[in-house]
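Student: Would you mind keeping the following structure in view while I ask a few things?
The values are calculated or read from the model by the stated rules, or taken from the named source; none is laboratory data. Bear in mind the structure is a predicted one, so any value in this text is a computation, not a measurement. Positions of Cβ are generated from backbone atoms using ideal geometry, with glycine treated the same way; all protein chains shown enter the neighbour counts. These area figures cover heavy atoms from the full protein model, side chains too; ligands, DNA and RNA do not enter into them. Shrake-Rupley method; radii C 1.70, N 1.55, O 1.52, S 1.80 Å.
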Amino acid sequence: MTDLADSAASTATTTTPGREPLLKVEGLTKHFPVRSGLWGKGSVVRAVENVNFEVKPGETLGLVGESGCGKTTTGRMLVRLLEPTSGKITFEGEDITHTKGNRLRKLRQDIQIIFQDPYASLNPRHTVGRIVAMPLQVNGIDPPGGVKKRVQELLETVGLNPEHYNRYPHEFSGGQRQRIGIARALALKPKLIVADEPVSALDVSIQAQVVNLLRQLQRDLGLSFVFIAHDLAVVRHFCERIAVMYLGRMVEVGTREQIYENPAHPYTRALLSAVPDVTKLGGHGRIKLEGDVPSPIDPPSGCVFHTRCWKAQEKCSAEAPALVPVQNGSIAACHFPESGEVV
Amino acid sequence: MSNTPATADSRSPGTEDTAVAVLQPETAAKAFVGRSPGELAWIRLKRDRTAFGSFITVVLFIVVALASPLISKLYGVTPTAGNAGLLNSEGLPIGYLGGISADHWLGLEAGSGRDLFMQLIFGLRTSLIIAFSAAIISISTGVVIGIISGYFGGWVDQALTWFTDFALAFPFLVFALAIIPIINTASYDVGEEVPGSFRIGVIIGVFALFGWMTTARLVRGQILSLREREYVEAARAAGASSAHILFKQLLPNIWAPILVAFSLALPGFIAAEAALSFLNIGVVEPTPDLGRLVYYGRQWLGTPDWAYFLIPASAVFIVVLAFNLLGDSLRDALDPKSSK
Ligand SMILES: Nc1ncnc2c1ncn2[C@@H]1O[C@H](COP(=O)(O)OP(=O)(O)OP(=O)(O)O)[C@@H](O)[C@H]1O
Ligand code: SF4
Ligand SMILES: [Mg+2]
């Protein structure tokens, strides 16, 4: 390890609970107005509804939920690709919800994103060198030693051959492309990276390699991560804290131990059941979720999970549960939280 | 916090399993040589025989058209010189096959006695000048309108889309038949001689006015689908300006369909120009013109010299066909589906 990497790693380990959060999200909401047909009645997709969480410097937060739960929408609001309908995003103490112009450009250097699709995320007409240099170029940054040297450094950092900077994306495999996307995200030396399902499009054998790369970068560079995934298997070894989303809402937030060993929300438990290497599952055994996520245009009343919850009672469809601290130490939104251990 | 990237050393044997991943990047792409999508298209194009044949034909026509003044000099005959001495009292060429001779390879035009070969290659030049100018103007207009429409969306897009549909609904030929004489009479008095270049300009203008819509639609559709791509989002997330996104990220991905649209617009304009001339609202005398040659050639149809109709007519046909085939081959070669 270089001493630079060492010092970075040591900053990353000084995680103390009382630190100022790097990123703070309060009441974040995104509604998409949609119209069915040309003259159809306008309705609203409630993609993200009143989401709150924090990310400390050097921390990795997992954002987990099934497809359509609003994870991507949340991630895009964090990197300011989407304008929130309401709520507040604070980064390093500054309200960045509606930052514009030059300040936004500066801010973008601190918060970068890695995309899910390794094919759509790289411009097919640009060489790898140009793709990785793009963030430097658009910000007019001339790194010491020149852009080419910096690009080759970055390629090496993500485990690619630095001599390949003249090649085109179609000459690389999915995993290699994802590494190129990671190199691009690192170019501006961000403090926070939003990784939107960075491995779900990859072969299982390659997924681990890419997750390991991200882990190593996180340690070496002291990066903070919001790591989006649709199951609990991928984030298990990567995230210190995990937030579970369902239908645009946060249903449980807790540490890795709380979520994996002692989940309080039935939905978390159901997601956990899908993880192959979780064997013992306490009282209810393996839980299989029936049906699909309901439409966010017309979400169920009360607890939005009640249409699929095996513990649902009358109260559940009448009254929305609040996100409150529960017995296992996490916070969960459920009238009848679980308490038994899982493993 | 230090954001210095891990350098090569971070790949040295670490205590972590992570080092393994970093030391073994997937090596699947070893066999490739760095080739851009454009180079790949070029390789496909070279393998295509139709493309090759039509390309040679098109190049030949363009070279002949461009070199027509030079050819005229070497040949020793100008396109407009009347050879009255070689016509009989009825104005028909003396000799066989409409006066074919060592001096006049394709014979003479009845009535005027002009050299047909020269008329043909100068006429080709006129056709190509009109077609290329009209294609350049109309395709650029279409690209600009399509980009604005697709990239900015909203009411701008709605207005431009409406305008495009409106222009598409206009019957081109009827409009041309109506407007060209009107422009003429408005600009020049009766009896005043209309310069050839003015008419050419009017024709190019009318073509440009009616030629941009399909390109605008095409480009709008492309931009609409590309602007949501994640590489565009990545540029936006890095702080890129709209100009960067348009010119550096989007345009390089749509030049292929633009090129195809351009190459397919050319034969369309050549044929349309010939049609206008045939209807006698095209290029005026003394500018040589292919369509008008066909028009004049008609009078030979019933005679043994019907070749004078056939030659300019086949010239138009071959030019249009060659350009069309070339455009089609280009489209196949540049097709994004085959570039994977
Ligand atoms: N631009 C948009 N207009 C309308 N609805 C949208 C838009 N973007 C997302 N949605 C809807 O918002 C909901 C949340 O979408 P989002 O992409 O954030 O989900 P996700 O959790 O990332 O799912 P996935 O695992 O499929 O990526 C979905 O129902 C989606 O259809
Ligand atoms: S509130 Fe009711 S329906 Fe919702 S998760 Fe808890 S038990 Fe299930
Ligand atoms: Mg998503």
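Student: Quick test for you: out of A:Ser330, A:Ser301, A:Ser295, pick the one residue that is closer than 25 Å to A:Glu257 by Cα and of a type in the set (Ser, Thr, Tyr). Quick ask: steps written out before the conclusion?
Tutor: Working: A:Ser301 fails: closer than 25 Å to A:Glu257 by Cα; A:Ser295 fails: closer than 25 Å to A:Glu257 by Cα.
Answer to the selection: A:Ser330.
Student: Additional query: Consider segment A:287-303. How many of its residues are within 12 Å of ligand 2 (Cβ to nearest atom) and touching a Gly at 6+ places or on another chain (Cβ under 8 Å)?
Tutor: 0
Student: Among the listed residues A:Ile242, A:Ile193, identify the single one that is more than 14 Å from chain B (Cβ to nearest Cβ) and in a strand (DSSP E or B).
Tutor: Values: A:Ile193 fails: more than 14 Å from chain B (Cβ to nearest Cβ).
Answer to the selection: A:Ile242.
Student: State all residues of segment A:165-184 that are more than 8 Å from chain B (Cβ to nearest Cβ) and not β-branched (Val, Ile, Thr); if no residue qualifies, say none. Can you show your working first?
Tutor: So the first thing to find is which residues in segment A:165-184 are more than 8 Å from chain B (Cβ to nearest Cβ), and the list is A:165, A:169, A:174, A:177-178, A:180, A:182-183.
Passing the criteria: A:Tyr165, A:Pro169, A:Gly174, A:Arg177, A:Gln178, A:Ala183.
Student: Hey, could you check segment A:68-102 for residues that are within 10 Å of chain B (Cβ to nearest Cβ) and among the charged types (D, E, K, R) and say which is nearest to ligand 2 (Cβ to nearest atom)?
Tutor: A:Arg76
Student: I've got another one for you. Out of A:Gly58, A:Gly93, A:Gly75, I need the residue that is among the small types (Gly, Ala, Ser), surrounded by 19 or more Cβ atoms within 10 Å (Cβ to Cβ) and away from ligand 1 (no atom under 16 Å from the Cβ). Which one?
Tutor: A:Gly58
Student: Related question: Residues in segment A:166-176: is at least one under 30 Å from A:Asp203 (Cβ atoms), surrounded by fewer than 17 Cβ atoms within 10 Å (Cβ to Cβ) and of a type outside the set (Asp, Glu)?
Tutor: Here is the first cut: in segment A:166-176, the residues under 30 Å from A:Asp203 (Cβ atoms) are A:166-176.
Narrowing the set further to residues that are surrounded by fewer than 17 Cβ atoms within 10 Å (Cβ to Cβ) leaves A:166.
Imposing the further condition that a residue be of a type outside the set (Asp, Glu) reduces the set to A:166.
Within segment A:166-176, one or more residues are under 30 Å from A:Asp203 (Cβ atoms), surrounded by fewer than 17 Cβ atoms within 10 Å (Cβ to Cβ) and of a type outside the set (Asp, Glu).
Student: Quick check, is B:Arg227 within 14 Å of chain A (Cβ to nearest Cβ), open to solvent by 40 Å² or more (accessible area, probe 1.4 Å) and either in contact (Cβ under 8 Å) with a residue 12 or more places away in the chain or more than 22 Å from the chain's Cα centre (by Cα) (or both)? Don't jump to the end; show me each part of the working.
Tutor: Working: within 14 Å of chain A (Cβ to nearest Cβ): yes; open to solvent by 40 Å² or more (accessible area, probe 1.4 Å): yes; either in contact (Cβ under 8 Å) with a residue 12 or more places away in the chain or more than 22 Å from the chain's Cα centre (by Cα) (or both): yes.
The answer is yes for B:Arg227.
Student: Considering only residues that are surrounded by 20 or more Cβ atoms within 10 Å (Cβ to Cβ) and more than 8 Å from chain B (Cβ to nearest Cβ), which ones fall in segment A:117-128? Lay out the reasoning, then the answer.
Tutor: Of segment A:117-128, the ones surrounded by 20 or more Cβ atoms within 10 Å (Cβ to Cβ) are A:118, A:121-123, A:125-126, A:128.
A:Pro118, A:Val128 - these are the residues of segment A:117-128 that are surrounded by 20 or more Cβ atoms within 10 Å (Cβ to Cβ) and more than 8 Å from chain B (Cβ to nearest Cβ).
Student: Within segment A:38-55, track down each residue that is free of Cβ contacts under 8 Å to residues at least 40 places away in the same chain and either outside any loop (DSSP other than H, G, I, E, B) or open to solvent by 60 Å² or more (accessible area, probe 1.4 Å) (or both).
Tutor: Quick first cut of segment A:38-55, residues free of Cβ contacts under 8 Å to residues at least 40 places away in the same chain only: A:38-42, A:54.
Correct list: A:Leu38, A:Trp39, A:Lys41, A:Gly42, A:Glu54.
Student: Which of the numbered conditions does A:Pro135 fail, given that it passes all the others? Conditions: (1) without any contact (Cβ under 8 Å) to a residue 12 or more places away in the chain; (2) within 12 Å of chain B (Cβ to nearest Cβ).
Tutor: For A:Pro135, the exception is condition (1).
Student: Another question about this same structure. Do you know which residues across segment A:78-90 are within 14 Å of A:Gly27 (Cα to Cα), open to solvent by less than 30 Å² (accessible area, probe 1.4 Å) and of a type in the set (Val, Ile, Thr)? Can you show your working first?
Tutor: First, the residues of segment A:78-90 that are within 14 Å of A:Gly27 (Cα to Cα): A:78, A:83-90.
From what is left, the residues that are open to solvent by less than 30 Å² (accessible area, probe 1.4 Å) are A:78, A:84, A:89-90.
The answer is A:Ile89, A:Thr90.
Student: Could you grab me the full set of residues in segment A:297-319 that are surrounded by 15 or more Cβ atoms within 10 Å (Cβ to Cβ) and in a loop (DSSP other than H, G, I, E, B)?
Tutor: If the condition is that a residue be surrounded by 15 or more Cβ atoms within 10 Å (Cβ to Cβ) and in a loop (DSSP other than H, G, I, E, B), then A:Pro299, A:Pro300, A:Gly302, A:Cys303, A:Val304, A:Phe305, A:His306, A:Thr307, A:Arg308, A:Cys309, A:Lys311, A:Ala312 are the ones that fit.
Student: Please determine whether any residue of segment A:103-114 is more than 29 Å from A:Met77 (Cα to Cα), more than 7 Å from chain B (Cβ to nearest Cβ), open to solvent by 40 Å² or more (accessible area, probe 1.4 Å) and among the charged types (D, E, K, R).
Tutor: Let us first name the residues in segment A:103-114 that are more than 29 Å from A:Met77 (Cα to Cα), namely none.
No.
Student: Mind listing whichever residues of segment A:152-163 are open to solvent by 10 Å² or more (accessible area, probe 1.4 Å), in a helix (DSSP H, G or I) and within 8 Å of chain B (Cβ to nearest Cβ)?
Tutor: A:Glu153, A:Glu156
Student: Restricting to segment A:191-206, give me the number of residues that are closer than 14 Å to A:Leu232 by Cα, open to solvent by 20 Å² or more (accessible area, probe 1.4 Å) and without any contact (Cβ under 8 Å) to a residue 60 or more places away in the chain.
Tutor: So the count comes out to 0.
Student: With respect to A:Asp142, determine if the residue is open to solvent by 40 Å² or more (accessible area, probe 1.4 Å), within 9 Å of chain B (Cβ to nearest Cβ) and farther than 20 Å from B:Pro252 by Cα.
Tutor: Details: open to solvent by 40 Å² or more (accessible area, probe 1.4 Å): yes; within 9 Å of chain B (Cβ to nearest Cβ): no; farther than 20 Å from B:Pro252 by Cα: yes.
No; evaluated as a whole, the condition is false for this residue.
Student: Looking at B:Val144, B:Val206, which is the one that is farther than 30 Å from B:Trp306 by Cβ, part of a helix (DSSP H, G or I) and free of Cβ contacts under 8 Å to residues at least 12 places away in the same chain? Show your work before the answer.
Tutor: Values: B:Val206 fails: free of Cβ contacts under 8 Å to residues at least 12 places away in the same chain.
Answer to the selection: B:Val144.
Student: Quick one: in segment B:230-273, which of the residues that are among the hydroxyl-bearing types (Ser, Thr, Tyr) and without any contact (Cβ under 8 Å) to a residue 60 or more places away in the chain is least open to solvent (accessible area, probe 1.4 Å)?
Tutor: Taking segment B:230-273 first, the residues among the hydroxyl-bearing types (Ser, Thr, Tyr) are B:231, B:241-242, B:263.
If we keep only those that are without any contact (Cβ under 8 Å) to a residue 60 or more places away in the chain too, we end up with B:231, B:241.
Numbers: B:Tyr231: 5, B:Ser241: 57 Å².
If we take residues in segment B:230-273 being among the hydroxyl-bearing types (Ser, Thr, Tyr) and without any contact (Cβ under 8 Å) to a residue 60 or more places away in the chain, then B:Tyr231 is least open to solvent (accessible area, probe 1.4 Å).
Student: To continue, here is another question. Return the residues of segment A:33-67 that are within 14 Å of another protein chain (Cβ to nearest Cβ) and within 14 Å of ligand 3 (Cβ to nearest atom); say none if nothing qualifies.
Tutor: Answer for segment A:33-67, where residues must be within 14 Å of another protein chain (Cβ to nearest Cβ) and within 14 Å of ligand 3 (Cβ to nearest atom): there is none.
Student: For the list (1) farther than 30 Å from A:Asp110 by Cα; (2) in contact with a helix residue (DSSP H, G or I) (Cβ under 6 Å, 6 or more places away or on another chain); (3) away from every other protein chain (no Cβ under 14 Å), I need the number of the one condition that B:Gln222 fails.
Tutor: Single failed check for B:Gln222: (3).
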